[in-house]
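Derivation of every value follows stated rules applied to the coordinates shown; laboratory data play no part. Note that this is a predicted model, so its numbers are computed, not measured. Quick reminder, even Gly has a Cβ in these numbers, built from the backbone with ideal geometry, and neighbours come from all protein chains shown.
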Amino acid sequence: MLVELSVENYAVIERVRVRFHPGLNLLTGETGSGKSIVVDALGLLFGGRASAEIVRAGSERARVSGIFEIRSTPALARLLEDAGIEPEDGELIVEREISSGGKSRALVSNRPVTAALLKELAPFLGDIHGQHDQQQLFSPAVQCEMLDAFAANEELANTVRTVYEKWRAAAAELEKIDRVAQEQLRMTDLWSFQQREISSVAPKPGEDAELEAERRVLRNVVKLQESAGAAYAALYEDTHSALAQLRTATKRLEEIAKIDDKLAQVIAALQPASIAAEEAAHSLRHYLGALEADPGRLDEVETRLAAIEKLKRKYGATIDEILAFLDQVNAGLAAAESSGERKAALEKDLARLATQYESAAEKLSASRREAAKRLSQKVARELAALAMEKARVEIGVEPAAWSERGADAVRFLISPNPGEDPKPLEKIASGGELSRVALALKSCTGGARPNQAAPLTLVFDEVDAGVGGSAAEAVGRRLKGLSRGAQVICVTHLPQIAGFADHHYSVGKHTLKGRTVAAVEELTGDARTREIGRMLSGERVTAEALRHAEQLMKLAAE
């Protein structure tokens, strides 16, 4: 629902801010006052084409912004999430700027977006009827949704959509299996070779580091024996070894400590050194006992490292990477082995889902065909009440390719005048006729489309073109009826329609500092009565016109 519309430097509008409300909002004013400019400005927020010509003379840019109250649906939530937009307190702020040079930019909740995104967002915000480039009603998908809403097909349509999505997913997976089958067969041979090559070596994590350490020892046995033996002799075996010297020093100190007991501390300090030297000597002796040249073992280590190095060159820089690659190979082989089983299962599922889809789609088609007859007749009666009594309406439900909407192509056709073949809605030349057709359709189908969480803003322009008298009253009553389920904004020239307003706005122009300026004012009480009186009698509002205006409003309220 549109909460507020702000327009700056747009055509004759310098600056206008209008608060709209639920229910029926009507805009009136003298011819040429700029009523339709408000609708055109709103059209820009729905992704309409922008032109430098709309920028007020002498201004650098025109700006239009609207605050919309929304209640999110899954489809709207996905659209906003994909665009990185977060509504604030259940509201979206949509803005459009057009420079005098013709460039434009759009923002939603202060985030730059494209005009294309505004068009995607528009169906969740509102509908404008009267301007051909803004008609969502031309869309076959929307026409199909309206017919389903009229036929109460929501449950059946959801079943068709759900089955179709499952069928399409199964078909896509089966197509992928068939497409990659040859490549997978070629890869299976390669994967099998790679699996055998890695498994034949069967490297273990950290094994290469251990082998390299062992190889260094085996290659330097003589040097290690010489150095370790010399260290052992210096510590323990030589006559003047470190351990012998420590023992001699300790014995001398023990003799003189009998004279001066202060040396007991020095003796205590030497004892750990003697113990450490003796333990180190024992460790060296054990090391030397185990150390011996083993050319056979060295060959084994060299061969093992060479095998691991070969794997590294092909499958990864480390053993961990090689093993990770092996996991991928095993997964590929497992998938290849199971693809045949998966293909058979998918073919079975596909046949089952196709049968389910055909059954559900046929039920949906039958319901649509029956509803199309009733809706055609009902819309024709509505149009007759709206001064289009000669109009002929046809709703075609023809076989079409499978889709999430079923196996039908729904098309609304109309012949406004006798002797003319029914044509698609977009072929209707008159904006007034098109607006009344839209009003009739919306009245018959309840206004908002199915799966629409929040009331739409329905905008009608030129809906009263070429009508008067009882037809004008019929238009007003239908607009009033629509406004119970959707916010309705309508431009009208007729007092019979204006009398039905829940909220009445007057659009007027005046001269300020030599420039024409348009303004929008919400009318209440006597001001509203005077405006309807003006619409009845012209520039000079008579007492009789005011009484007639009061009577119109009273009748509309009944």
Next on the checklist: To the nearest 20 Debye, how big is the dipole of the chain about its Cα centre, given +1 on the beta carbon of each Lys and Arg and -1 on that of each Asp and Glu?
Outcome noted: 2080
Checklist entry - Expressed as cubic angstrom per residue, what is the convex hull volume of the alpha carbon set of the range 18-174? => result 172
Item to check | Matching label, P(r) over Cα pairs in 20 Å bins from 0, in percent computed from the structure shown, candidates (i) 22, 57, 20, 0; (ii) 15, 30, 17, 12, 12, 10, 3, 0; (iii) 20, 54, 24, 2 | outcome: (ii)
Checklist entry - In whole angstrom, and with the biggest value first, how far do the Cα coordinates of the range 458-558 range along each principal axis? => result 43, 33, 27
Next on the checklist: Can you give me the long-range amide H partners of residue 400? Hydrogens built in the peptide plane at 1.01 Å from N, cutoff under 5 Å, separation of 5 or more residues or another chain.
Outcome noted: 408, 409
Checklist entry - Nearest 20 debye, what's the magnitude of the dipole of the range 330-377 about its Cα centre given +1 on Lys and Arg Cβ and -1 on Asp and Glu Cβ? => result 440
Checklist entry - Applying the Karplus parametrisation 6.51 cos²θ - 1.76 cosθ + 1.60 with θ = phi - 60° to the phi angles of the range 535-548, what ³J(HN,Hα) value in whole Hz is obtained for each residue in order, glycine and proline being reported as x? => result 5, 7, 10, x, 4, 8, 7, 8, 5, 5, 5, 5, 5, 4
Checklist entry - So what are the ³J(HN,Hα) numbers for the range 70-84, from phi and the Karplus equation (6.51, -1.76, 1.60; θ = phi - 60°), rounded to whole Hz, Gly and Pro as x? => result 10, 10, 5, 10, x, 5, 5, 4, 5, 4, 5, 5, 4, 8, x
Checklist entry - Does the range 83-187 come out rounded, prolate or oblate, given a ≥ b ≥ c as the square roots of the eigenvalues of its C-alpha gyration tensor, rounded meaning a/c under 1.5 and, failing that, prolate meaning a/b above b/c? => result oblate
Checklist outcome for this item: residue 115 and residue 184 label points (each 7 Å along its Cα→Cβ direction) are spaced in nm at 4.7
Checklist entry - Using a ≥ b ≥ c from the Cα gyration tensor of the range 253-400 (square roots of the eigenvalues), is it rounded, prolate or oblate, where a/c under 1.5 gives rounded and otherwise the larger of a/b and b/c decides, a/b for prolate? => result prolate
Checklist outcome for this item: In terms of the charge dipole of the chain, which places +1 on Lys and Arg and -1 on Asp and Glu at the beta carbon, the residue among 85, 106, 475 farthest towards the positive end is 475
Item to check | Karplus (6.51, -1.76, 1.60) ³J(HN,Hα), θ = phi - 60°, over the range 476-485, in Hz, Gly and Pro reported as x | outcome: x, 5, 6, 4, 4, x, 4, 5, 6, x
Next on the checklist: Pairs of alpha-carbon atoms within less than 8 angstrom and 6+ residues apart define the contacts here; what relative contact order does the chain have, in percent?
Outcome noted: 22
